[in-house]
1. Test residue 47 against the criterion of being touching a strand residue (DSSP E or B) at 6+ places or on another chain (Cβ under 6 Å), under 24 Å from residue 142 (Cβ atoms) and exposed (fewer than 12 other Cβ atoms within 10 Å of the Cβ), and give yes or no.
2. For residue 11, which of the numbered conditions (1) assigned to a strand (DSSP E or B); (2) within 11 Å of the chain's Cα centre (by Cα) fails to hold?
3. In region 2-32, which residues are within 14 Å of the ligand (Cβ to nearest atom) and more than 26 Å from residue 128 (Cα to Cα)?
4. Could you please find all residues in region 153-169 being more than 20 Å from residue 19 (Cα to Cα) and free of Cβ contacts under 8 Å to residues at least 24 places away in the same chain?
5. Considering (1) surrounded by fewer than 16 Cβ atoms within 10 Å (Cβ to Cβ); (2) at pLDDT 95 or above, say which one residue 105 fails and leave the rest.
6. Would you confirm whether or not region 16-31 contains a residue that is part of a loop (DSSP other than H, G, I, E, B), touching a helix residue (DSSP H, G or I) at 6+ places or on another chain (Cβ under 9 Å) and more than 29 Å from residue 168 (Cα to Cα)?
7. Given (1) within 15 Å of the ligand (Cβ to nearest atom); (2) crowded, with 18+ Cβ neighbours inside 10 Å, where does residue 39 come up short, assuming only one miss?
8. Looking only at region 34-73, which residues are at pLDDT 95 or above, under 18 Å from the mean Cα position of the chain (by Cα) and within 18 Å of residue 107 (Cα to Cα)?
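The values are calculated or read from the model by the stated rules, or taken from the named source; none is laboratory data. What you see is a predicted model, and the numbers here were worked out from it, not measured in a lab. Backbone-built Cβ (ideal geometry, glycine too); neighbour counts: all protein chains shown.
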Ligand code: 5GP
């Protein structure tokens, strides 16, 4: 199997983290890229594991030095993927998964047309709102911002290669295995 770059996007609260975790546990030949962000760490998040947490200054510096394969502003924070990091992972013979927003995903596709873009959707918008609130990690203002961003993401996802509806985690993992070519069925 050729080593490939897969880009997975989905609105916050859609459960893409759970789907990806399940997929990666079953398929260790895939690795999740670690992004850079200016967002403050949430409880339990570790620098270098969940994200590389950068200051605004450090992030701007990377933009100026053209170090990012893609970057985007999302809900008033910056997020980006380092070119060097991705190339190193691909050179090591790993299938790399980027879990990034739709704006960043489209930038990756423009620069690396072989990258496969996958959008994970909630069964409905109402369900997305429920999931986001149920997480209890964001305040109301942040939730509202993320909901309006989710609408814009649905629009951009029209240009993606695949969509997976996450109504059931196991089924979503199976759909991802089929797209990535690891499913035997
Ligand atoms: P969160 O703050 O919930 O961890 O992530 C918010 C959003 O930022 C999610 O949609 C996530 O996919 C996106 N994101 C995470 N890392 C990156 C990145 O490196 N680049 C871009 N463009 N988006 C990212």
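1. Spelling it out, residue 47 is indeed touching a strand residue (DSSP E or B) at 6+ places or on another chain (Cβ under 6 Å), under 24 Å from residue 142 (Cβ atoms) and exposed (fewer than 12 other Cβ atoms within 10 Å of the Cβ).
2. (1)
3. 5
4. Filtering region 153-169 down to residues more than 20 Å from residue 19 (Cα to Cα) leaves 155-156, 158-159.
Across region 153-169, the qualifying residues are 155, 158.
5. (1)
6. Step one: list which residues in region 16-31 are part of a loop (DSSP other than H, G, I, E, B), which gives 27-29.
Among the residues that remain, those that are also touching a helix residue (DSSP H, G or I) at 6+ places or on another chain (Cβ under 9 Å) are: 27.
Among the residues that remain, those that are also more than 29 Å from residue 168 (Cα to Cα) are: none.
No: region 16-31 contains no residue that is part of a loop (DSSP other than H, G, I, E, B), touching a helix residue (DSSP H, G or I) at 6+ places or on another chain (Cβ under 9 Å) and more than 29 Å from residue 168 (Cα to Cα).
7. (2)
8. Residues satisfying the conditions are 34, 35, 36, 37, 68, 69, 70, 71.
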